[in-house]
Amino acid sequence: MARLDRAMTTGCLILLVALIVVFGTVLGVLWYWSWHTDKINAEHRQQALLAFDDQLRRTKNETIRALGDAGPADPDALTAVIHQHTGAPVISYDASRDVFRARVAKRAEYKTRTLFGIGQDMIVRCLEYTYAPAKGHDWASAMSVLKTTPAARPSRSATAPTQPANVSLPWKGRS
């Protein structure tokens, strides 16, 4: 009987050690897989941020060029140019400072990896572009990233797609 007990004890210990090694290996592989996917996702997010920032800079520069090409036009025409290039649903004009402000929410999507496949995530930014005439036909511009608020999200407009939506001009009120 003692011999059987020793064999059972040895067998149970071997089985226990084998289970610990197998589960430890599985947990190690899962941990490495999770760490690796997090690293890949961080790289994808960084690449998406760089591409997103580049797109925002190009939008700002194209709008400045278009405003320079428009020349000394009335604020309504300049507002339409800003809307055409930024896609901002809300554009305001401060006549006392001769400054246009366009607020728009932009987003960039990128792919993520999970333990169970491929997913998608997004970067959302609420931006405020500020345009003011500079010397000659040049325009000065600034771009600010605001906290995401309901006021920054795109609004729905019943106006035609060629017209600026929700444009507020001080001498005409909100349209």
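Odds and ends about this structure:
- Simple spin-label estimate for LEU16 and HIS44 in nanometres, 7 Å along Cα-Cβ: 4.3
- Cα→Cβ-extended label distance, 7 Å offset, between ALA140 and ALA51, nm: 3.5
- Peptides 121-131, 22-32, 47-57, 79-89 ordered by average Cβ neighbours within 10 Å, highest first: 79-89, 121-131, 47-57, 22-32
- Only aspartates and glutamates eight or more places from LYS106 in sequence, or on another chain, were considered; those with a Cα closer than 18 Å are ASP53, ASP54, GLU62, ASP121, GLU128.
- For segment 61-116, the per residue solvent-accessible surface stands at 53 Å², with DNA, RNA and ligands left out and a 1.4 Å probe.
- Rg ratio (alpha-carbon, reference 2.2 N^0.38 Å) - segment 27-68: 1.99
- Partner lysines whose Cα lies under 22 Å from the Cα of LYS135, excluding those fewer than 8 positions away in the same chain, are identified as LYS60.
- Model label points for GLU62 and HIS36, set 7 angstrom from Cα along the Cα-to-Cβ axis, are 3.9 nm apart.
- Here the extension length gained between LEU115 and VAL26 equals 30.7 nm, from 0.36 nm per residue of separation less the Cα-Cα distance.
The values are calculated or read from the model by the stated rules, or taken from the named source; none is laboratory data. Just so we're clear, the structure is a prediction, and the values are computed from it rather than from any experiment. Heads up, the Cβs are rebuilt from the backbone with ideal geometry, glycines too, and the neighbour counts pull from every protein chain shown. Ligands, DNA and RNA are stripped out before the accessible areas are found, and what is left, the full protein with its side chains, is counted by its heavy atoms. Shrake-Rupley method; radii C 1.70, N 1.55, O 1.52, S 1.80 Å.
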